[in-house]
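The values are calculated or read from the model by the stated rules, or taken from the named source; none is laboratory data. Just so we're clear, the structure is a prediction, and the values are computed from it rather than from any experiment. Cβ placement follows ideal geometry from the backbone for every residue including glycine, while neighbour counts extend to all protein chains displayed. Accessible surface is based on the protein model in full, side chains and every heavy atom, while ligands, DNA and RNA are left aside. Shrake-Rupley method; radii C 1.70, N 1.55, O 1.52, S 1.80 Å.
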Amino acid sequence: MSMMNVISRECIGTLAAMLIFAPAAIAQTQSLQQVADSSPFRPLDLPTPNEFRSASGRPGPKYWQQRVDYKISATLDPARNELRGRETIHYINHSPDTLAYLWMFVEQNLCAPTSVTNQLNQPPLVFLGTAFDFSCQGFNGGLHLDALRVGGVAAKHTIYGTTMRVDLRTPLAPGSAVDINAAWHFNVPPQGGGRMGHDGPLYEIAQWYPRMAVYDDVHGWNHEPYIGAGEFYLEYGDFDVSLIVPASYIVAATGELLNPEQVLTPMQRARLAAARKSDTAIAIIRANEAGNMDLTRPRIYAQGELSALNPEASLVWHFAAKNVRDLAFAGGPNFRWDASGYNGILIEDLYRPSADKWPEVNRIGREAIKYYSEQWYPYPWSHATTVEGPIEGMEYPMLTFTPNSPTREDQQWVIAHEFGHEWFPMIVGSNERLYPWMDEGFNTFIDLGNAAQYFRGTAYGDTIEVHPLHLYAEHATPGEQPLITNPTQVRDLFWVGYQKPALMMQMLRYEVLGKERFDQAFREYIKAWAFKHPTPADFFRVMRDQSGMDLDWFWRGWIYSTARLDQSIDSVVPRPDGGSNVYVGNHGTMLMPAELTLTLADGTKRTVKLPIEMWNLGSPFIYRSPAGERVTRAEVDARHTLPDTDRGNNVWPRARSK
Ligand SMILES: [Zn+2]
């Protein structure tokens, strides 16, 4: 018999009845209607895992990323306040897609008169008194592109502010490569968007050469413009860079210095070799040597004998870096220079003699690199260098720009914070233009532990880790934006990009997973995505996979919403068997596990840690003390570790109001 025959007359009869009795039919349809899962534990709506990004949060078997190598020759001309350069970009298309055009960044256009930033003239971004001004302060800057050739021929290109589309005559097939040649120059702004610029003869140069935007499997081209708040998202590759600077200059840069014999004195080279093996700072350029060309600059052979270097001359500093997302450099004529070694890594700081907090900076930097390496992931490069100057704090691979700070604590924070960026986003290459919480936030989180260790035993060191929690009341206002907000649209970036995500990570580590379980998972995330491009979903999946705990409820509360936590003891009711029922309420929109501190009739105190599953059946949760164990007082979050918005209901019996 065929299936058709099985559909009986009865069936057809039912259909007919439904058509006749329409109201009943509608009622039936409604009763079958799908109702959205409103449980706070419902899964997050994440992209479907695929062969590029696996369900366990690791790169999939066909994960790919583009490769970009740069060869740059640039001249820093302080007399004209100009930087001019030529570059060859070798771009390899590892994607499965054929690319008809490429997107590049020309980020100096931040300071062009027509830039979004200049047109809108936004006020500076202020972080606790530190201002990052992206307006370029009326400076008439911008990149002048003198030539652009692709595969040897002039290429059609269109500039839109800080981004540029380059149309290819021949589309770039999967697996093939193309060379892009560019020549350019720009005036160096006094402080370009808070991230680069100069102070007199001291130059800190970044976001300076035309470079490739990231093409990935998630968004295609990531060409979010450089407006200010979002820093950068770049591909990994090798750099070979020759920097032509005045002979009086000392230069620090991303990468290895390939020609120390030509640009350093024999004494400086000997001191550097000793510093690499030294736990304490060795002066490469001493205070009394700074700015003195006879003492700090190499002699050269002229007419067969060594003679002093001509101050008008130039020197070429040649650097090479492997597998980095960017290259920055700084140069100046009057640096002091300290260095020490950790595990073969040279820790260096260069500073003007006026920087009074800097004699301690080498130790601060060394402790930071050591702490992050031992706690999270080994530092992968041969040097970590910081340069003192006008930039309030900015990070590049192997090199950071930091100011002289008003206090020791501020100085430690900014040095260790910028070095912390070597992990996020220099090693773990997340998209900073979209997700500041994955770089600034993760970095702030690891910085807190480092600051606590550095200042251990002092009032500052012993309280720094609760700093983000203490900021909660002031920053979690009705207008608060969720962490997932694009940074250029965030009104309180200090909170949304830095402190709240750090608090989130602390909550996950200390209150949800426990230190060991968290640390193992977070280390796995760093390792799995080192030198790659993770997305938020990849992070969530690694943390779930490695810790063995579903955390979608946690991310929903902390990243995708501005949920508020309000745990309470609603009441305590004695039972006939001598025990008590403790009614634990959740009156907010955020879930966290609850910790009860109970006082029993005999005066003893007991702590009960309840797992997150307590909220499976809604609120209140009833905690039943054992028979005969009468509870006379109950308190939730007695240690004050959670951002509870109303502590007035945390204790039972309620305190009498006066
Ligand atoms: Zn930062």
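Quick look at the values:
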read-out: Residue-normalised accessible area of region 64-235, expressed per residue, 1.4 Å probe, Å²; value: 39 Å²
read-out: Interchain or long-range residues, amide H under 5 Å from GLU629's placed H; value: GLY579, SER580
read-out: Label-point separation in nm, LEU258 to ARG656, each point 7 Å along Cα→Cβ; value: 8.2 nm
read-out: Residues ASP577 and THR641, FRET efficiency given R0 of 45 Å [Cβ-Cβ distance, rounded to 0.05]; value: 0.85
read-out: Calculated from backbone phi, Karplus (6.51, -1.76, 1.60) coupling profile of region 533-547 in Hz, x at Gly/Pro; value: 10, x, 10, x, 4, 4, 4, 4, 5, 4, 4, 5, 4, 7, 7
read-out: Extension gain from ILE300 to ASN649, taking 0.36 nm per residue of separation minus the Cα-Cα distance; value: 117.9 nm
read-out: Region 567-652 - accessible surface per residue (Å², probe 1.4 Å); value: 46 Å²
read-out: Length released on extending from ASP179 to ASN292, taking residue separation times 0.36 nm less the Cα-Cα span; value: 36.4 nm
read-out: Cα lying deepest toward the dipole's positive end in the chain, options SER307, ALA476, PRO403, charges on Cβ; value: ALA476
read-out: Nearest-ten-degree value, helix 22-32 long axis tilted from longest Cα axis of the chain; value: 60 degrees
read-out: Rh (Kirkwood; distinct C-alpha pairs) - region 477-621, Å; value: 17.5 Å
read-out: Local electrostatic count at LYS71 - Lys and Arg +1, Asp and Glu -1, tallied over other residues with Cβ under 12 Å; value: -4
read-out: Helix 515-529 axis, angle to the chain major axis (alpha carbon atoms, nearest 10°); value: 50 degrees
read-out: Integer Hz, Karplus 6.51/-1.76/1.60 couplings in order for region 219-229, x for Gly and Pro; value: 10, x, 6, 9, 10, 4, x, 8, 9, x, 4
read-out: Cα-based shape type of the chain, given that a ≥ b ≥ c are square roots of the gyration tensor eigenvalues and the cut on a/c is 1.5; value: oblate
read-out: Folded to 0 to 90 degrees: helix 266-276 orientation relative to the chain principal axis, Cα; value: 20 degrees
read-out: Cβ-defined net charge surrounding MET398, 12 Å radius [Lys, Arg +1; Asp, Glu -1]; value: -4
read-out: Estimated FRET transfer efficiency when R0 is 30 angstrom, pair ASP550-ARG606 (beta carbons, to 0.05); value: 0.55
read-out: Surface share of carbon and sulfur [accessible, 1.4 angstrom probe, percent] for the chain; value: 54 percent
